[in-house]
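The values are calculated or read from the model by the stated rules, or taken from the named source; none is laboratory data. Remember, it's a predicted structure, so these values are computed and weren't measured experimentally. No Cβ is skipped: glycine too gets one built from the backbone with ideal geometry, and neighbour counts run over all protein chains shown. We work out accessible area using only protein heavy atoms, side chains counted, and drop any ligands, DNA or RNA first. Shrake-Rupley method; radii C 1.70, N 1.55, O 1.52, S 1.80 Å.
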Amino acid sequence: MQIFARVVEMHSFTRAAESLSLPSSRVTRAVKELEAFLGVRLLQRTTRHISLTPEGTHYYDHCRRLLADIEAVESGFPGSAGQPRGRLRVDMTLSLARLVVIPAIKDFHCRFPDVELTLTMNDRTVELVQEGIDCVIRAGTPEDSPTLVARRIGSFEWVTCASPDYLERHGAPRTLEDLSRHHAVGYLSTRTARPLEWHFVVDGEERFVRMRERLIVNDTDGYVACGLEGLGLIRAGSYMVRQHLTNGRLRRVLTAYSSPAVPLSVLYPKNRHLSPTVRAFADWVGEVLREAETGWRIDTDAAPPAS
């Protein structure tokens, strides 16, 4: 099971053999023997690609649960068995990785030197089992899932802002009604394939504003870059723009209008026992996010007077 699971996660017999310090022939033979024992084909093989068959997906899901159960049981005994170790693959957005997680990675390595961490960076929906991902970090309220567990680890706020150049040319909006005279940079949702509306809370009631957009992008770093270039108003996560607000390259507007805090959650497959390695990462990244949240809160209106 361990060999088969590693082949799936590495998408390669050769890389799986290297990671396990085994001969490639041993890995290939183990998977063939497993398929012969079960009487089904688990992997579809071509010269360049390995993919799970429907039976392989079902079996791999159970393998992960069983191996996690074994790891959890062993972690209850003295010795090194319960120490986080092995490969851990985590998926998150590029902006969160670049601005928050990667700057703190040295601390993770110091605490858990036996964990080999792979970070993939996406903003799309990923199939954890099929793509060999152990957990993902996502923003927003997670949808109910029969296969995933969501654990909240932090939050951030939305910040409406623009460059000084844009505000000098167009003035600063003071009310939501003023937004009709402005244009914004649009952000294309990966879920709906439509630009996101802007969400505010006014007197306890939700208000959604559809902005006029002359430019729409689908990357968070590109989105903030458009704001810095004065191409329109932007509404971004506080952790994405904090540095630019501090150094004056962006100025906040509409501070009288709040929006609900956006939760950040780690999601992982629903097992009876959580892997010590996934648990260690979730605990660690939760600490990092909680320490960072204070710095993300911006309480002053840095916008210049409307012209």
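A few notes on this one:
- Unique residue being open to solvent by 70 Å² or more (accessible area, probe 1.4 Å), of a type outside the set (Phe, Trp, Tyr) and closer than 30 Å to VAL285 by Cβ when the list is ARG151, ARG181, ARG174: ARG151
- Considered as a group, the residues in the stretch 58-84 that are at pLDDT 90 or above and under 12 Å from PHE4 (Cβ atoms) include one that is surrounded by the most Cβ atoms within 10 Å (Cβ to Cβ), and that residue is TYR60.
- Residue within the stretch 183-198 that is on the phi > 0 side of the Ramachandran plot and modelled with pLDDT of 85 or more present: no
- Output for the stretch 210-266, where each listed residue is modelled with pLDDT of 90 or more and of a type in the set (Val, Ile, Thr): ILE216, VAL217, VAL224, ILE234, VAL241, THR246, VAL253, VAL266
- Evaluation of THR190 against (1) farther than 21 Å from GLN243 by Cα; (2) among the β-branched types (Val, Ile, Thr); (3) assigned to a strand (DSSP E or B) (one fails), failing number: (3)
- Filtered residues of the stretch 99-121 (kept if assigned to a helix (DSSP H, G or I) and not β-branched (Val, Ile, Thr)): LEU99, PRO103, ALA104, LYS106, ASP107, PHE108, HIS109, CYS110, ARG111
- Considering residues of the stretch 1-57 that are farther than 26 Å from ARG85 by Cβ and in contact with a strand residue (DSSP E or B) (Cβ under 6 Å, 6 or more places away or on another chain) only, the residue surrounded by the fewest Cβ atoms within 10 Å (Cβ to Cβ): GLN44
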